[in-house]
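The values are calculated or read from the model by the stated rules, or taken from the named source; none is laboratory data. Computed from a prediction, not measured in an experiment: that's the story for all the values here. Backbone-built Cβ (ideal geometry, glycine too); neighbour counts: all protein chains shown. The area values use the complete protein model at the heavy-atom level, side chains included, leaving out ligands, DNA and RNA. Shrake-Rupley method; radii C 1.70, N 1.55, O 1.52, S 1.80 Å.
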Amino acid sequence: MITIKAKSIKINAIFNGIYQILALLTPLLTTPYISRVFGASLIGKYSYYYSYLSYFTLIAAFGFSGYGVKVISEHRDNKYLRSQDFWGIMLSKGFLSILCLFVYLIITFSIFDDSSSRMLFLSMALYIVAIMVDPTFYFQGEEKFVSVSLRNIFIRILSLVLVFSVIRDSSDLVWYALIMSGSSLLSTSIMFFSFKKEDISKPHWRDLNIKKHMWQSFSFFAPSLAVSLFQVLNQNLLGIIGQDDAQNGYYSEAMKFVTLLASLAGSISVIMLSRMSYLYEIKDEKQIRDKTIKTFQAFWAVALPCTFGLAAINQYLIPVFLGSGFEGTIPVLYIVCPIIIFSPLNGLFGSIYFRPVNKIWTQTYIIFFAAFLSVIANLILIGPYKAIGCAIGSLIAEFSQFPLLLYYSRKTIKPSMVFGAAIKPFDSSLIMFAITFASGQLMTDASVNKYVVLVAMILIGISSYALASILFKDEFVMMMLKAVIRKTKEINKKVFKRA
């Protein structure tokens with residue numbers, strides 16, 4: 001059997017998890033400040049404009065990231081092939097990005113009459129440039145997540161400092177957009193400093209095969225396009241039909257919390273795409289099965305407590321973090337909480353099965369079907385229910401994919417492998433929800449300060465889930481606990497030896 005030379009999944013998952021946690025904490029630190037500075041209407045306006053920008057970034061990215069991870073991982077043992085893949089993808093991406101940027105600038109100066117809207121839309125153009133120069137797919141394909149994570153952590157901290165030091169009042173919306181888009185550009189640009197001489201060689205122009213990369217990337221672009229139909233288009237429809245920036249603000253803020261936690265739950269997905277692509281390439285069936293089971297154990301241990309935990313603290317979280325004027329976010333957040341499970345779960349199926357075995361079009365058809373259901377639901381529900389109707393449409397889109405993905409992958413991913421790993425985390429999460437929600441009610445009845453209530457509920461939730469998981473002997477939690485204990489003993493031994 002061929003030995004895998006890449007860094008261990010545990011190390012990659014730890015560093016990628018650290019970055020995802022920081023990505024989670026950054027908005028949690030800035031959201032209370034930003035929501036009070038701009039209010040629901042301006043945040044809704046920013047989200048509405050950003051939804052239109054997303055179409056351009058979608059085309060510029062064109063599936064190159066997922067495709068790049070797959071081909072780099074498949075050719076990780078051949079420097080020449082992976083080098084040609086890298087340069088071919090970068091040139092293809094650069095061509096599309098420049099084209100998108102050109103059209104974007106024309107639209108900016110053609111459509112917007114007032115200077116404030118024009119400047120806001122124009123300041124977001126850096127996101128397109130960030131995609132053009134982004135080499136992250138190479139490091140993900142090589143499973144070098146440490147480099148990616150460390151640099152992204154630095155940029156997250158920098159953007160956090162800039163938000164608090166630059167944004168002062170509602171007139172600073174353009175500066176906020178510049179900080180967000182500029183930090184995105186900087187985080188991709190500095191990735192080039194992670195390259196070593198032995199990583200890639202100079203391009204051989206005749207062997208770059210641009211047409212091949214464009215065509216192969218299209219199969220990865222198609223599902224992204226389908227996903228945008230029920231993510232970005234939902235925001236567009238809410239703005240067009242709802243005719244209320246505040247409703248857009250309620251929906252976007254609710255989705256912000258959900259997206260962050262879903263990203264944390266799905267952080268292992270990109271790691272598994274590179275690893276599973278390699279395992280399928282070398283036809284190691286035993287490791288494919290083992291990695292699949294362990295992946296679902298890790299997924300459920302993160303996704304379920306995040307979902308139940310957010311639902312438990314929702315009515316306390318929104319007033320504390322967003323302030324007055326965002327009460328409409330609470331019912332929307334209750335509806336979209338299950339997306340924390342289904343969105344990364346759907347992506348995980350793609351990473352561990354559909355993409356590595358080149359059945360991505362099957363997944364694409366499923367996503368388009370879900371997008372169709374979402375659009376129909378939104379057209380019916382947004383008019384009478386506005387943000388709540390949009391939330392229902394989003395949930396339908398994510399939920400409807402799961403049974404179809406499970407069915408079409410059933411020969412490799414047995415239902416027992418998926419659901420068997422969910423039983424213990426579900427029981428622990430249910431206990432956590434009951435204890436956390438009840439404690440919140442008791443503290444509220446006792447007139448405890450709302451900030452104290454929220455912090456106490458979070459700590460109670462984490463503690464109760466950990467204790468319940470240990471009681472049920474959850475495989476993933478026990479593995480992590482043993483790893484921590486082992487590492488602690490190693491550190492103590494070193495300390496005593498020095499003493």
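Here are some notes:
- Looking at segment 27-123, the helices (runs of 4 or more DSSP H) lying wholly inside it that each contain 3 or more residues that are under 30 Å from Asn209 (Cα atoms) sit at 64-74, 79-111.
- Any hit, segment 141-156, residues being open to solvent by less than 10 Å² (accessible area, probe 1.4 Å), modelled with pLDDT of 90 or more and either closer than 26 Å to Ser351 by Cα or among the basic types (Lys, Arg) (or both): no
- Near pairs, Cβ below 6 angstrom, 6+ apart or cross-chain, from segment 394-410 (farther than 14 Å from Phe369 by Cα) to any residue that is at pLDDT below 95 and open to solvent by 10 Å² or more (accessible area, probe 1.4 Å): Tyr408/Thr362; Ser409/Tyr353
- Contact annotation: no residue pair with Cβ atoms under 6 Å, 6 or more positions apart or on different chains, pairs a residue in segment 32-47 that is without any contact (Cβ under 8 Å) to a residue 12 or more places away in the chain and of a type in the set (Gly, Ala, Ser) with a partner that is assigned to a helix (DSSP H, G or I) and open to solvent by 30 Å² or more (accessible area, probe 1.4 Å).
- Listed conditions (1) surrounded by fewer than 21 Cβ atoms within 10 Å (Cβ to Cβ); (2) closer than 22 Å to Ala438 by Cβ; (3) among the hydroxyl-bearing types (Ser, Thr, Tyr) are all met by Thr362, apart from (2).
- Failed condition for Ile340, given (1) open to solvent by 10 Å² or more (accessible area, probe 1.4 Å); (2) closer than 19 Å to Tyr251 by Cα: (1)
For (1) closer than 25 Å to Tyr67 by Cα; (2) touching a helix residue (DSSP H, G or I) at 6+ places or on another chain (Cβ under 9 Å), each residue gets a yes or a no:
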position	(1), (2)
Asp113	no, no
Ser123	no, yes
Val129	yes, yes
Val148	yes, yes
Ile179	no, yes
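- Selection count where residues are open to solvent by less than 70 Å² (accessible area, probe 1.4 Å), touching a Pro at 6+ places or on another chain (Cβ under 7 Å) and of a type outside the set (A, V, I, L, M), scope segment 429-468: 2
- Of the residues making up segment 163-198, those that are surrounded by fewer than 16 Cβ atoms within 10 Å (Cβ to Cβ) and of a type in the set (Ser, Thr, Tyr) are Ser165, Ser170, Ser171.
- Cβ separations smaller than 6 Å between residues 6+ apart or across chains give the following pairs from segment 228-247 residues that are open to solvent by 20 Å² or more (accessible area, probe 1.4 Å) to residues that are at pLDDT 80 or above and among the charged types (D, E, K, R): Asp245/Lys45; Gln247/Lys386.
- Taken over segment 298-328, the criterion of being touching a Ser or Thr at 6+ places or on another chain (Cβ under 9 Å) and β-branched (Val, Ile, Thr) is satisfied by Val302, Thr307, Ile313, Ile318.
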